[in-house]
Amino acid sequence: MKVLLLFGLVAFALADVTRFEGEKVFRLKPVLDEHVTLIKELANSIEVDFWRPESPELVTIDIDVDIRVSAMYLDMVYTILQQNDMEHEILIEDVQDAVVAETDKKDPRTHSYTKYNSWDKIQAWIASISTSNPSLISKQVIGNTYEGRPMTLLKIGKKSSSTKPAIFMDCGIHAREWISPAFCQWFVKEALSTYGSNSQMTSLLNQMDVFVLPVFNIDGYDYTHKSNRMWRKTRSRKSGSSCIGADPNRNWNAGWCTIGASSNPCSDTFCGYTPESEIEVKNVANFICKNKAIIKAYLTIHSYSQLLLFPYSYTYELAAHHGELLKIAEGASAALRTLYGTRYTSGPGAATIYPAAGGSDDWAYDLGVKYAFTFELRDTGRYGFLLPESQIKPTCEETMLAVKYIAAYVQKNLY
């Protein structure tokens, strides 16, 4: 009986995983207003997962539109594209194959810096790394997620009796952007292992602290590992709505829900019921507010598109420090490019990609954190969110150069 029960549980666990057989990711190239209208109408009539831009409202002419389409709608989509003479290409032939290919199936029992670790592994890693070197790293819980998981923040820097200026970095705001938490883990490893031998890292950690939140949207991240690889939002619920979660990067009190965000709870860019309605956003906002006297830079890591963005995204107006921020972003992008030739585009969010209100970098900047940057890591769409594990190491290595460039600049230009 016990054996049968066990098989039943295993079958139940497997049955609950969303699969993507036969689904494709298209890149559409709208060049006419009719094309834009068509894409928006398509999104209204069938379920389309927008990879880039993040919602149909953000589609305009002359930008590439990456969408995931389920197998049952493929014929219809092909017909519409052909009838309307819209240029397109297939980025991913079969999404399920790409999901399988993304990770190396030899699942190590332990945490690895070159794998997409499950939340359980990351949590165990946080516990062990935070006690590995007490003079250099410590941890604190800044609150719990909606589902009750502790949000543990790592503080890296040489212990000091006086308060030091700090940099705050978070990863994994959007659940499906797996390369992002991989970078935060890599950064922690590099900081600890190169302190004392690398002069720049040593100088940085002697003078400043770096707060690292390895996974911001833990509930969503865990859900992408266990149930639906393509989930983006948080996992909060509200009575009266069957739709789950809000977009944690549309939920900050920065031009909240005015543009490039949705008030529909079922949308992937749902801004939430109020600013900071998502407890994860509230927890981080509270921590940054409480420490705003010392936090001099805010870095948030996303994927994909190879961009280095800075405020503003909720308006086309330029930030007060636009010239300086652009200079830093261009310098950091150039540093990143030296390793593997990876090209990043830099600029203010709204003008460089599209307007989007309620983002964390705009919020931090308006709070007074002058050096606020959003990274969109590899790639530009070949794999999109399903970047293979073989690219974790090169992606993290090159991104370290950009982050270290920004950190060195901030260190020299404290305010």
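Brief remarks on what is shown
- Looking only at the range 267-304, residues that are touching a residue at least 24 places away in the same chain (Cβ under 8 Å), open to solvent by 40 Å² or more (accessible area, probe 1.4 Å), over 24 Å from TYR371 (Cβ atoms) and not aromatic (Phe, Trp, Tyr) come to 3 in all.
- Taking the range 368-389 as the range and being more than 19 Å from the chain's Cα centre (by Cα) and surrounded by fewer than 18 Cβ atoms within 10 Å (Cβ to Cβ) as the test, only GLY368 passes.
- With respect to (1) in contact with a Pro (Cβ under 9 Å, 6 or more places away or on another chain); (2) open to solvent by 10 Å² or more (accessible area, probe 1.4 Å); (3) polar (S, T, N, Q); (4) in a helix (DSSP H, G or I), the lone exception for GLN185 is condition (2).
- Single condition SER193 does not satisfy, out of (1) without any contact (Cβ under 8 Å) to a residue 60 or more places away in the chain; (2) surrounded by fewer than 19 Cβ atoms within 10 Å (Cβ to Cβ); (3) assigned to a loop (DSSP other than H, G, I, E, B): (3)
- Some residue of the range 202-216 being surrounded by 21 or more Cβ atoms within 10 Å (Cβ to Cβ), part of a helix (DSSP H, G or I) and of a type outside the set (Phe, Trp, Tyr): yes
- Annotation note: Cβ proximity below 7 Å between a residue of the range 95-106 that is within 26 Å of MET72 (Cα to Cα) and a residue that is assigned to a helix (DSSP H, G or I) (sequence gap 6+ or interchain) occurs for ALA98/LEU386; VAL99/LEU386; GLU102/LEU386; GLU102/GLU389.
- Filtering the range 314-328 to residues that are touching a helix residue (DSSP H, G or I) at 6+ places or on another chain (Cβ under 7 Å) and either closer than 20 Å to VAL410 by Cα or touching a residue at least 60 places away in the same chain (Cβ under 8 Å) (or both) leaves TYR314, THR315, ALA319, ILE328.
- Members of the range 347-367 that are buried (at least 22 other Cβ atoms within 10 Å of the Cβ) and part of a strand (DSSP E or B): PRO348
- When GLY323 is tested against (1) surrounded by fewer than 22 Cβ atoms within 10 Å (Cβ to Cβ); (2) touching a Gly at 6+ places or on another chain (Cβ under 9 Å); (3) outside any loop (DSSP other than H, G, I, E, B), just one condition goes unmet, and that condition is (2).
- Residue in the range 398-414 that is in contact (Cβ under 8 Å) with a residue 60 or more places away in the chain, open to solvent by less than 10 Å² (accessible area, probe 1.4 Å) and within 24 Å of TRP231 (Cα to Cα) present: no
- With respect to being closer than 15 Å to ASP361 by Cα, modelled with pLDDT of 95 or more and out of contact with any Phe, Trp or Tyr (no Cβ under 9 Å at 6 or more places or on another chain), THR315 fits the description.
- Residue check, ALA98 of a type in the set (Gly, Ala, Ser) and more than 20 Å from the chain's Cα centre (by Cα): no
- Within the range 72-94, tally of residues that are outside any strand (DSSP E or B), touching a residue at least 40 places away in the same chain (Cβ under 8 Å) and open to solvent by 50 Å² or more (accessible area, probe 1.4 Å): 2
- Selection status of ASP104, on the phi > 0 side of the Ramachandran plot, part of a loop (DSSP other than H, G, I, E, B) and surrounded by fewer than 18 Cβ atoms within 10 Å (Cβ to Cβ): no
The values are calculated or read from the model by the stated rules, or taken from the named source; none is laboratory data. None of these values were measured; they are calculated from a predicted model. Glycine gets a Cβ as well: all are built from the backbone with ideal geometry, and neighbour counts include every protein chain shown. We work out accessible area using only protein heavy atoms, side chains counted, and drop any ligands, DNA or RNA first. Shrake-Rupley method; radii C 1.70, N 1.55, O 1.52, S 1.80 Å.
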